[in-house]
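I have placed the structure first, in the form of structure tokens, so that the comments after it can refer back to it.
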Amino acid sequence: MEQESLPKGSLSLVHKHMVYTQQKRIVGLLAAFTAFAFSLRFDRQIVLFFQIHRNPILDIVFTAFTHLGTMIAVLFILISLFMVNKHRKGWIIPLWLSLGFAAALTYALKFAVMRQRPEAIGIAAVIAATGYSFPSAHSATAFSVLPVMDKVFKKLIYAWIAVAVLISFSRLYLGVHYLSDVIFGGMLGFCSGWLFLELKNRKWFKKINILDR
């Protein structure tokens, strides 16, 4: 509806920007998938490398980031409240659905794949972690925010990317995940966010998005 009120030239620019954004997302996912495929071959060596090069200061730093990842639900609440204040409450439900869908897929895959955590190959983890390793739930939830953040809070997107990367990397550094776990988790989360970003403007979705009125 918003695009119908724009001049034709503006509509063309909007369309080009949308196409460019979609292309960037596809290229990014292809690059991530390539990295995932590469990491599968070297998962063991990579996690061993980080175990050897740990130090007390980095242990504290990355433990803090991993705890930030466990508080992702709190961060979603804060973002949701911020959206209400900015009259963007229509994005709250897509945001939460993205998080929920990413989490559901993650745990379904965990029980389907049943990959043991790095401790199974003798890695001494800095923190305790339960459950299966693949994929990383921390990465999935952190990256599920990105598509909506990029749409609603463009000025904050790079800060959130940095936070998401550090949360994901903390799981590798601390010895509770392999690199392939965090890469695939990030891809899964991003795709979940992208899905609900695209669904938001569908007529049937508008009917169930009670906040977008």
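The values are calculated or read from the model by the stated rules, or taken from the named source; none is laboratory data. Note that the structure is a prediction, hence the values are computed from the model and not measured. Methodologically, a virtual Cβ is constructed for each residue, glycine included, from the backbone with ideal geometry; neighbour enumeration extends over all protein chains shown. Only protein heavy atoms, including side chains, enter the accessible area calculation; ligands, DNA and RNA are left aside. Shrake-Rupley method; radii C 1.70, N 1.55, O 1.52, S 1.80 Å.
Selection of the stretch 91-126 for residues being of a type in the set (Gly, Ala, Ser) and either farther than 17 Å from GLY186 by Cα or open to solvent by 70 Å² or more (accessible area, probe 1.4 Å) (or both) yields ALA112, ALA120, GLY122, ALA124, ALA125. Scanning the stretch 155-167 for residues that are loosely packed, with under 14 Cβ neighbours inside 10 Å and more than 20 Å from MET71 (Cα to Cα) turns up at least one hit. When residues in the stretch 35-85 are screened for being polar (S, T, N, Q), in contact (Cβ under 8 Å) with a residue 24 or more places away in the chain and surrounded by 13 or more Cβ atoms within 10 Å (Cβ to Cβ), 4 of them pass. For the stretch 18-28, filtered to residues that are within 14 Å of GLU198 (Cβ to Cβ) and under 16 Å from the mean Cα position of the chain (by Cα), the residue that is most open to solvent (accessible area, probe 1.4 Å) is ILE26. Here LEU97, LEU81 are screened, and the one residue that is under 25 Å from ASP212 (Cα atoms) and at pLDDT 85 or above is LEU97.
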